[in-house]
1. Looking at 178, 217, 170, can you tell me which residue is farther than 30 Å from residue 326 by Cβ, over 21 Å from the mean Cα position of the chain (by Cα) and not β-branched (Val, Ile, Thr)?
2. If I ask for residues that are crowded, with 16+ Cβ neighbours inside 10 Å and assigned to a loop (DSSP other than H, G, I, E, B), which ones from the stretch 398-409 would you list?
3. Of the conditions (1) loosely packed, with under 14 Cβ neighbours inside 10 Å; (2) touching a residue at least 24 places away in the same chain (Cβ under 8 Å), residue 250 satisfies every one except a single condition; which number is it?
4. Return a yes/no flag: does the stretch 305-320 have any residue that is assigned to a helix (DSSP H, G or I), within 19 Å of the chain's Cα centre (by Cα) and polar (S, T, N, Q).
5. Restricting attention to the stretch 134-176, which residues are among the charged types (D, E, K, R), out of contact with any helix residue (DSSP H, G or I) (no Cβ under 8 Å at 6 or more places or on another chain) and farther than 25 Å from residue 193 by Cβ?
6. Residues that are touching a residue at least 24 places away in the same chain (Cβ under 8 Å), over 30 Å from residue 250 (Cα atoms) and under 25 Å from the mean Cα position of the chain (by Cα), at least 1 per element: which helices (runs of 4 or more DSSP H) completely within the stretch 63-161 meet that?
7. Only residues that are modelled with pLDDT of 85 or more and of a type outside the set (A, V, I, L, M): list them for the stretch 346-379, please.
8. So which residues in the stretch 113-136 are surrounded by 12 or more Cβ atoms within 10 Å (Cβ to Cβ) and farther than 22 Å from residue 353 by Cα, if there are any at all?
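The values are calculated or read from the model by the stated rules, or taken from the named source; none is laboratory data. A quick note: this is a predicted structure, and the numbers were derived from the prediction, not measured. Cβ sites come from the backbone with ideal geometry, for glycine too, and all protein chains shown count toward neighbours.
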Amino acid sequence: MRLFFQKEKKIIRCIIILGLLLILFHKCYRLFFDSEKNFITFLKEESIWYGFYISIFYFISISIGSFLFLTIQNVSKSGWSTIIHPIMEEISHFIPYGFTMIFFIHMLCITNNIHMFHWMDPFVYDITSSKYDEMIASKRIFLNKPFFIIRNIIYIIIINFFYFQITRLSKKMNISFSIKKYNKIFFMSVLFIILFSVISIFMSWDWIMSLNPHWFSSLFEWYVLSHFLTTGIGMIIIVSLYLNKKGFFPLFNNNHLHDLSKYLFSSNLLWTYLWFSQFVLYWYGNIPEEIYYFIKREKLYYFIHFWILIPNFIIPFFLLMSKKNKINSKIVFTVSFITLIGHYIDIYHLIAPDINHKINFWIQDIGFFLLIGGIFIYILVLNLEKKRYCQYPIGNPFFKESKNYKNPHI
């Protein structure tokens, strides 16, 4: 395994370097054609940081989705998925790194070094200023810098606490075979799901919706939550199939793949249901301050709000509807990959237009995607290589059930 991952790490390093080169090329290109600006000026432009922000949010959402799916399996005591628990834990290892990066960007915004959040401009609250915004001023109780930072610290502490506790208990359980450890994991998973159901609401408001404080959706937090689950499950499938193909995950078979495929299928349906519910309510209400959200994206990206249905609903729906396709590793792998790309496009179109009305996807966005994605995969590979846990969760009381699992519908 070590020899294999040594080769993999070289490829990943090349991806990270390529991402950095693309970002530098974009900045050098801009500097060459805009002599009035220097490098420091460019560093303070939101056009640099929005790509960084989008990529970080995208990959941290994959880790959070994987960890959320793990806790759901713990709470439901699903025996079939037990052998896949280590994969879910390894994908979740990006959580502390991703939170550190996103908190760094928020601190730059708070200190006015970069300007991504319009409501952080003090003039919008000054009634004597020409920039005064009555709607934003009415939300000052919630949208203020100290409270924003406090909320972000709470997100970091709670999610990282449960992540470290559950993974630590899992490691000890696989050594001691202790039922007490398993019961603690169950209890911690229940608490996490309860707290995360609240935290995820405020996270989606703070990290995405507050970029455009004039717009509001009561379904948005659930829309983002469905994104967490779908991308997390998609990455679990890709990693499981990849390791199985290389011979490192032999107990993973079509029975487990079939159930994972059903989860991917249903999570895509959940995302589509929330997409349709949000859109149809706005279309029916036809309120100017609400439909502007869609009109702006239509003008920038030519009906992208409808085009994203192709990778996020139409392809998964028709390809995973068949029982045979659900156990076809090539089809499921392809659908998972397409779904991950589709949800990146969705996250991009949620965030980018609210940071800068003239932003269009370009080479620096590819660079940031490769950079953060390379770091994400490198952390995943390092943790797989170190074998922090047993290859299989042999200390879990449902391990034998998962090992011998036979899906009656196959």
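1. Going through 178, 217, 170 in turn, just one is farther than 30 Å from residue 326 by Cβ, over 21 Å from the mean Cα position of the chain (by Cα) and not β-branched (Val, Ile, Thr): 178.
2. Correct list: 398, 405, 407.
3. Of (1) loosely packed, with under 14 Cβ neighbours inside 10 Å; (2) touching a residue at least 24 places away in the same chain (Cβ under 8 Å), only one is false for residue 250: (2).
4. Yes: the stretch 305-320 contains one or more residues that are assigned to a helix (DSSP H, G or I), within 19 Å of the chain's Cα centre (by Cα) and polar (S, T, N, Q).
5. Hit for the stretch 134-176 is 134, nothing else.
6. Filter on the stretch 63-161 gives 95-110.
7. If the condition is that a residue be modelled with pLDDT of 85 or more and of a type outside the set (A, V, I, L, M), then 346, 348, 349, 365, 367, 368, 369, 373, 374, 376, 378 are the ones that fit.
8. Correct list: 125, 126, 129.
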